[in-house]
1. List every residue pair whose Cβ atoms lie under 8 Å apart, where the two residues are 6 or more positions apart in sequence or sit on different chains, the first residue falls within the stretch 170-189 and is in a helix (DSSP H, G or I), and the second residue, located anywhere, is modelled with pLDDT of 80 or more.
2. Would you be able to say whether some residue in the stretch 99-110 is modelled with pLDDT of 95 or more, outside any loop (DSSP other than H, G, I, E, B), surrounded by fewer than 21 Cβ atoms within 10 Å (Cβ to Cβ) and under 32 Å from the mean Cα position of the chain (by Cα)?
3. Need pairs with beta-carbon distance below 9 Å; first residue at negative phi and surrounded by 10 or more Cβ atoms within 10 Å (Cβ to Cβ) and within the stretch 219-244, second modelled with pLDDT of 70 or more and assigned to a helix (DSSP H, G or I); sequence gap 6+ or separate chains.
4. Which residue, of 57, 128, 25, is touching a strand residue (DSSP E or B) at 6+ places or on another chain (Cβ under 6 Å) and either assigned to a helix (DSSP H, G or I) or surrounded by fewer than 22 Cβ atoms within 10 Å (Cβ to Cβ) (or both)?
5. If a residue has to be assigned to a helix (DSSP H, G or I) and either out of contact with any strand residue (DSSP E or B) (no Cβ under 6 Å at 6 or more places or on another chain) or surrounded by fewer than 17 Cβ atoms within 10 Å (Cβ to Cβ) (or both) to count, how many in the stretch 89-98 make the cut?
6. Is it the case, given these coordinates, that residue 81 is under 18 Å from residue 113 (Cα atoms), modelled with pLDDT of 90 or more and touching a strand residue (DSSP E or B) at 6+ places or on another chain (Cβ under 9 Å)?
7. One residue is enough: does the stretch 7-17 have a residue meeting the conditions modelled with pLDDT of 95 or more, out of contact with any strand residue (DSSP E or B) (no Cβ under 6 Å at 6 or more places or on another chain) and either over 25 Å from residue 125 (Cβ atoms) or buried (at least 18 other Cβ atoms within 10 Å of the Cβ) (or both)?
8. Looking for whichever is within 19 Å of residue 130 (Cβ to Cβ) and without any contact (Cβ under 8 Å) to a residue 40 or more places away in the chain here; the options are 67, 38, 34, 90. Which one fits?
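The values are calculated or read from the model by the stated rules, or taken from the named source; none is laboratory data. Just so we're clear, the structure is a prediction, and the values are computed from it rather than from any experiment. Positions of Cβ are generated from backbone atoms using ideal geometry, with glycine treated the same way; all protein chains shown enter the neighbour counts.
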């Protein structure tokens, strides 16, 4: 970096202490939050040796915006970086580009960005206002723990639009709907088979047996009790015996001999 100008104010904060690869991931998370579909193509996301001059590719509706990060704290970013990003934008047919540094731009770089119009510059002040407060001690391997991201429109950033749809969410929803329809169809078919299946052994009608009991005579509650039999006198006994003798004699006289 010989020949480059030193920054006017060298910062010492959480943003200046994170690595360049972590800065790329933080910016990717930020742009996703404000509604962009983000493709992290920089070396911090792919592990490649070179990034081709682009770290993030942002897509939303018909817009394609290229983002290049310069995590420089000691030297100012020169105007050459603006022209290089502009050339990549033209080659890819992108609609815009953003050049970001955690430090400062030279006066010539700022003039080049304003003159071209399609390359937006975000310096260290705008970047810190855009991302908010970073944790002083990031968790190893996870720079997003404790990250406070502001969703306000950053100075010199692309005007945000409503969040775009994510195609893979539609695929998951479609698969869930097809699975639900298959389950409902199977349940309806099973119900129909059960409804038309005849009974193997229909129940037989049972004729009830009716038992009629004879009524039991019940004496009236107010009926008088019969008087006890009167004892016969001796004369009545003899008279009864005489009548019995006469009756026997009459039977003997009228019965023919066998």
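1. From residues that are in a helix (DSSP H, G or I), there are no pairs.
2. The answer is no, given that none of the residues of the stretch 99-110 is modelled with pLDDT of 95 or more, outside any loop (DSSP other than H, G, I, E, B), surrounded by fewer than 21 Cβ atoms within 10 Å (Cβ to Cβ) and under 32 Å from the mean Cα position of the chain (by Cα).
3. What qualifies is 232/240.
4. Numbers: 128 fails: touching a strand residue (DSSP E or B) at 6+ places or on another chain (Cβ under 6 Å); 25 fails: touching a strand residue (DSSP E or B) at 6+ places or on another chain (Cβ under 6 Å).
Residue meeting the stated conditions: 57.
5. Here is the first cut: in the stretch 89-98, the ones assigned to a helix (DSSP H, G or I) are 89-92.
Adding the requirement that they be either out of contact with any strand residue (DSSP E or B) (no Cβ under 6 Å at 6 or more places or on another chain) or surrounded by fewer than 17 Cβ atoms within 10 Å (Cβ to Cβ) (or both) leaves 90-92.
Number of matching residues: 3.
6. Values: under 18 Å from residue 113 (Cα atoms): yes; modelled with pLDDT of 90 or more: yes; touching a strand residue (DSSP E or B) at 6+ places or on another chain (Cβ under 9 Å): yes.
Here the answer is yes, as residue 81 does meet what is asked.
7. Quick first cut of the stretch 7-17, residues modelled with pLDDT of 95 or more only: none.
No, every residue in the stretch 7-17 fails to be modelled with pLDDT of 95 or more, out of contact with any strand residue (DSSP E or B) (no Cβ under 6 Å at 6 or more places or on another chain) and either over 25 Å from residue 125 (Cβ atoms) or buried (at least 18 other Cβ atoms within 10 Å of the Cβ) (or both).
8. Working: 67 fails: without any contact (Cβ under 8 Å) to a residue 40 or more places away in the chain; 34 fails: without any contact (Cβ under 8 Å) to a residue 40 or more places away in the chain; 90 fails: within 19 Å of residue 130 (Cβ to Cβ).
Of 67, 38, 34, 90, the one residue that is within 19 Å of residue 130 (Cβ to Cβ) and without any contact (Cβ under 8 Å) to a residue 40 or more places away in the chain is 38.
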